[in-house]
Amino acid sequence: MPQPPAPDDSWLRRLTPAAPQQPVRLVCFPHAGGSAGWFRPLARALPPGIDVLAVQYPGRQDRRREPLITSVPRLADAAFTALRRELDAPFAFFGHSLGAVVAFEVARRFEQLTPAGPTRLFASARRAPSVVRDESVHLRDDEGLVAEMVRLGGTERAVLDDPELRQLVLPVVRADYRAVETYRATPGARLTCPVSVLVGDADPVTPVADAVPWKAHSTRGTDLHVFPGGHFYLERHTADVASTVAAALGTTAGPAARTRGNSPTGAAR
């Protein structure tokens with residue numbers, strides 16, 4: 001049965017049943033072209049004590065008539081405005097790919113503008129903000145954009161082969177790619193919460209070496225978790241990711257994933 005929407009039913013979607021008292025809220029931020037519902041399997045795999053919300057960016061699904069946002073800072077500003085009205089401490093953020101840097105920027109705004117920021121950021125399938133690559137996928141023609149989506153996986157081939165669906169999907173993906181490819185973090189930007197970095201060992205756009213420098217973006221240390229798979233490793237290893245998230249948030253959810261970075265301080269090597 002579908003869950004009722006979160007209080008701000010424009011930007012937020014509730015993925016777990018509401019409860020009077022839950023120890024922590026986890027807010028999820030989707031990848032380029034992704035929607036809030038992509039996180040439903042993860043929400044189901046997490047223990048009941050974690051209240052899971054997901055951000056729905058403009059321009060997709062029930063927000064398809066709204067203007068697309070092509071800038072990470074603008075996405076972060078709008079998401080922060082919606083979230084600050086709804087979140088009470090403690091809460092944590094989980095962002096996948098584009099969502100990792102949007103979550104990072106929203107976390108920075110919470111720390112700068114409110115009394116309490118997130119207790120932890122989970123940065124998935126995205127290189128550290130300080131690692132800059134010259135990318136221009138958003139400037140390709142439609143076939144070039146489709147080729148990149150096929151290379152990364154995560155999108156059903158039937159969607160890409162259907163002309164009407166492609167007409168709906170490609171402008172959203174292009175706008176999101178423009179946002180993430182033109183994003184440049186403020187030099188020296190750091191969070192005061194720990195950062196857990198999750199990455200696939202065969203990710204063609206986020207090699208493990210590019211994920212390690214997330215350690216420069218937290219004053220509280222980072223830990224690095226490497227899973228088998230590519231850019232969308234999470235789809236095949238949902239239970240292991242849920243275990244990693246639950247353990248970091250102080251709850252339990254089955255066997256833990258293979259982890260790197262087991263120093264006493266939790267810093268990634």
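The values are calculated or read from the model by the stated rules, or taken from the named source; none is laboratory data. Predicted model only: the values in this text are computed from it and were never measured. Cβ sites come from the backbone with ideal geometry, for glycine too, and all protein chains shown count toward neighbours.
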* Elements of type strands (runs of 3 or more DSSP E) contained in segment 25-131, each with 1 or more residues being farther than 17 Å from HIS217 by Cα -> 50-55, 91-96
* Asked: If you take the residues in segment 51-62 that are crowded, with 17+ Cβ neighbours inside 10 Å and without any contact (Cβ under 8 Å) to a residue 60 or more places away in the chain, which one is farthest from THR16 (Cα to Cα)?
  -> PRO58
* Could you give me the residue pairs with C-beta distances under 6 Å whose first residue belongs to segment 141-166 and is under 18 Å from GLY230 (Cβ atoms) and aliphatic (A, V, I, L, M), whose second residue is part of a loop (DSSP other than H, G, I, E, B) and at pLDDT 90 or above wherever it lies, and which are 6+ apart or on separate chains? => LEU152/HIS231
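Quick grid of which residues meet (1) part of a loop (DSSP other than H, G, I, E, B); (2) small (Gly, Ala, Ser):
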site: ALA189; (1), (2): yes, yes
site: LEU198; (1), (2): no, no
site: PRO204; (1), (2): yes, no
site: ASP210; (1), (2): no, no
site: LYS215; (1), (2): no, no
site: ARG220; (1), (2): yes, no
site: HIS225; (1), (2): no, no
site: GLY229; (1), (2): yes, yes
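For every residue, the table says whether it meets (1) within 28 Å of ASP210 (Cα to Cα); (2) in contact with a strand residue (DSSP E or B) (Cβ under 8 Å, 6 or more places away or on another chain); (3) surrounded by fewer than 24 Cβ atoms within 10 Å (Cβ to Cβ); (4) in contact (Cβ under 8 Å) with a residue 12 or more places away in the chain.
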| site | (1), (2), (3), (4) |
| --- | --- |
| GLY49 | no, yes, yes, yes |
| ALA82 | no, yes, yes, yes |
| PRO90 | no, yes, yes, yes |
| GLN112 | yes, no, yes, no |
| ALA123 | yes, yes, no, yes |
| SER130 | yes, no, yes, yes |
* Asked: Is it true that some residue in segment 134-141 is modelled with pLDDT of 90 or more and at positive phi?
  -> no
* Structure fact -> Taking segment 22-33 and keeping residues more than 23 Å from ASP88 (Cβ to Cβ) and either over 10 Å from the mean Cα position of the chain (by Cα) or modelled with pLDDT under 90 (or both) leaves GLY33
* To do: Scan segment 94-101 and give yes if some residue there is surrounded by fewer than 17 Cβ atoms within 10 Å (Cβ to Cβ), modelled with pLDDT of 95 or more and of a type outside the set (Gly, Ala, Ser), otherwise no.
  => no
* Which of (1) of a type in the set (Val, Ile, Thr); (2) buried (at least 16 other Cβ atoms within 10 Å of the Cβ); (3) more than 23 Å from VAL72 (Cβ to Cβ) is the odd one out, the single condition VAL150 does not satisfy? -> (2)
* Top-ranked residue of segment 231-245 - restricted to ones that are part of a helix (DSSP H, G or I) and out of contact with any helix residue (DSSP H, G or I) (no Cβ under 6 Å at 6 or more places or on another chain), ranked as surrounded by the fewest Cβ atoms within 10 Å (Cβ to Cβ) -> GLU235
* Structure fact -> Checking PRO213, PRO207, PRO194 in turn, the sole residue that is at pLDDT 95 or above and buried (at least 19 other Cβ atoms within 10 Å of the Cβ) turns out to be PRO194
* To do: Quick one: which residue in ALA19, ALA6 is over 24 Å from LEU98 (Cα atoms), part of a loop (DSSP other than H, G, I, E, B) and at pLDDT below 95?
  => ALA19
